[in-house]
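Have a look at the structure below, then the notes.
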Amino acid sequence: MIIRVEPGEAELASALGRASPLAKLGIALAWLVGLVFTTRVEPPLALAVGVLAVGWIVGRVPLRSLALGLLPLWSAAAGIAVFNGLFHPSNGDPSIGAVFALGPVRVTEPALAAAAGLGARVVAIASIGVVFARTTDATRLVDALVQQGRVPERFAYGALAAYQAIPRFAEDLATLRQARRIRGLRGGWHPRLLVGLLVLAIRHGDRLALAMDARAFGSGPRSRYRIVAWSRLDAAVAAGGAVVLAIVLALAAA
């Protein structure tokens, strides 16, 4: 079953939740760009710890929610690190001493350093994404992109509608499986289910397009039901993000 996890009221009422989503998105992108300039382990790990602390203290995100969101992503980071450590080009160079060997596979010190650095960066990226998602309402994010980022309304609200339609795929899949059982067919996985899902997705998309055209999206200036404006809180959040980025870059240069 596909489930879309939404932030709770406590997270949205926190200082981090009340900040402009566009400001938080800009800070997150700046942090991700800053990680490009380092291959060491310490800067991304320090950034991950700092982001999680901010999400827990300032964003009021429960530790259990953080753990559930980070578990699959950090598992993927560990898998990426192991894969890159085992298949690093330096492992095939006989002039570089091996730290240890797994059967015919040699693992050298440069391979371990590269794997650890890459895994730490994935951990930091996952931490930033989880904290951002747990403290940001999707509708308010789109409102901020339209009002503050000047993103076209048809594209922004169309993307929001597509995001909100993700759980519908699970419902459509369950309906198609039940229909196959009624007809005496196996209710498990079958390639023909993909055709049915494609047809239903096209129908939903067509209805959504008609609904947006009926509401005159993209036809001209529109009034706003939810106003998103810059505030002093956004400036404070941006300043804090800049300080964290400066610390990370200092660690990378040390």
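The values are calculated or read from the model by the stated rules, or taken from the named source; none is laboratory data. These figures come from a predicted structure and were not determined experimentally. Every residue, glycine among them, receives a Cβ derived from its backbone with ideal geometry; neighbour counts consider all protein chains shown.
Observations, loosely collected:
- For segment 206-217, the count of residues that are part of a loop (DSSP other than H, G, I, E, B), modelled with pLDDT under 75 and over 15 Å from Phe169 (Cα atoms) is at least one.
- Extreme residue, surrounded by the most Cβ atoms within 10 Å (Cβ to Cβ), among residues of segment 99-124 that are free of Cβ contacts under 8 Å to residues at least 40 places away in the same chain and among the charged types (D, E, K, R): Arg106
- Verdict on Ala170 being over 19 Å from Thr139 (Cα atoms), part of a helix (DSSP H, G or I) and in contact (Cβ under 8 Å) with a residue 60 or more places away in the chain: yes
- Checking every residue in segment 194-203 against the condition of being of a type in the set (D, E, K, R) and under 27 Å from the mean Cα position of the chain (by Cα) gives zero matches.
- Qualifying residue in segment 115-126 (condition: in contact with a strand residue (DSSP E or B) (Cβ under 7 Å, 6 or more places away or on another chain), β-branched (Val, Ile, Thr) and assigned by TED's automatic domain parsing to the domain that holds Pro21): no
- If you check Ala120, Ala113 for being under 26 Å from Phe87 (Cβ atoms) and modelled with pLDDT under 90, only one passes: Ala113.
- Residues considered: Ala78, Ala28. Of these, the only one that is at pLDDT 90 or above, among the small types (Gly, Ala, Ser) and within 15 Å of Ile128 (Cβ to Cβ) is Ala28.
- Residue-level check: of (1) at pLDDT 90 or above; (2) closer than 28 Å to Ala235 by Cα; (3) in contact with a helix residue (DSSP H, G or I) (Cβ under 8 Å, 6 or more places away or on another chain), Ala53 misses just (3).
- Those helices (runs of 4 or more DSSP H) lying entirely in segment 1-98 with at least 1 residues without any contact (Cβ under 8 Å) to a residue 60 or more places away in the chain: 9-13, 21-35, 42-57, 63-86
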